[in-house]
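The values are calculated or read from the model by the stated rules, or taken from the named source; none is laboratory data. Keep in mind the model is a prediction, meaning the values are calculated, not measured. Ideal geometry is used to build each Cβ from the backbone, glycine not excepted, and the neighbour counts take in all protein chains shown. What goes into the accessible areas is simple: the full protein's heavy atoms, side chains included, and nothing from ligands, DNA or RNA. Shrake-Rupley method; radii C 1.70, N 1.55, O 1.52, S 1.80 Å.
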Amino acid sequence: MGAIQDRDQSTCDRCRVTSLTVRERGRLDFMSRLCDRCWNTLANEMAEVDGATAAPRPDLGPDDVTWIEPPVCPVCGVLVGVYPTIYDRWVSLAMVELPAKDAPEPFRWRLMRLPDLSPIPTDIVAVRVRGIDPLPGDPVVPAHRMMCAPEWHEP
């Protein structure tokens, strides 16, 4: 007869440790069942590769009516859109869409609405375009770092 484990504990898919912190991770499609340590390691590695290193937007309460201006890039001074990724990190994207042919593959992102029962969008996440290349005319949102050009000051 085998041992009976606690029903509230699951096994991490990466390190095989059984813990209370193991749960399904990812915002859009659940990527895997991971513990906190493995999830943070994986998400940080993905963020570094994708360039998703932006600071998160301020978390306002439901009764807060403060107006939030879009952030400005400290290098070039242009407005940027900061969006959460599917792996709980944040990325700075350009405020315009471009045809896929005008954005190099490492900088292509799409904004997707999280699935819910409401017809009103509740949250939008940034998803890196990979795997199957989009058609040349398909719209993508380029990463801001592709379009960031420092301001040149005259001497």
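Computed over protein heavy atoms with a 1.4 Å probe, the accessible surface of the chain works out to 69 Å² per residue.
Using a probe of 1.4 Å, the accessible surface attributed to Asp63 totals some 140 Å² when neighbouring protein chains are kept in position. A cut-off under 14 angstrom between Cβ atoms defines the neighbours of Gly51, and their net charge, with Lys, Arg +1 and Asp, Glu -1, is +1. Sorted on the mean count of surrounding Cβ atoms within 10 Å across their residues, most packed first, peptides 126-138, 36-48, 85-97 read 85-97, 36-48, 126-138.
For the chain, a Gaussian network of Cα nodes joined below 10 Å ranks Gly51, Gly61, Gly77 by mean-square fluctuation, and the top entry is Gly61.
When Val82, Val75, Val65 are compared by accessible surface with a 1.4 Å probe, the order from highest to lowest is Val65, Val75, Val82. In the chain, the portion of solvent-accessible area held by carbon and sulfur atoms comes to 57 percent [1.4 Å probe, whole percent, DNA, RNA and ligands not counted].
Helical content of the chain, expressed as a calculated mean residue ellipticity at 222 nm, amounts to -3500 deg cm²/dmol (DSSP H runs of 4 or more residues, -39,500 (n - 2.57) each, divided by residue number, nearest 500).
The slack in the chain from Asp59 to Asp116, taken as 0.36 nm per residue of separation less the alpha-carbon distance, amounts to 18.5 nm. Would you mind estimating how fast the chain diffuses translationally, via Stokes-Einstein at 25 °C and 0.890 mPa s with the Kirkwood radius over Cα pairs, in µm²/s? Stokes-Einstein gives a translational diffusion coefficient of 136 µm²/s.
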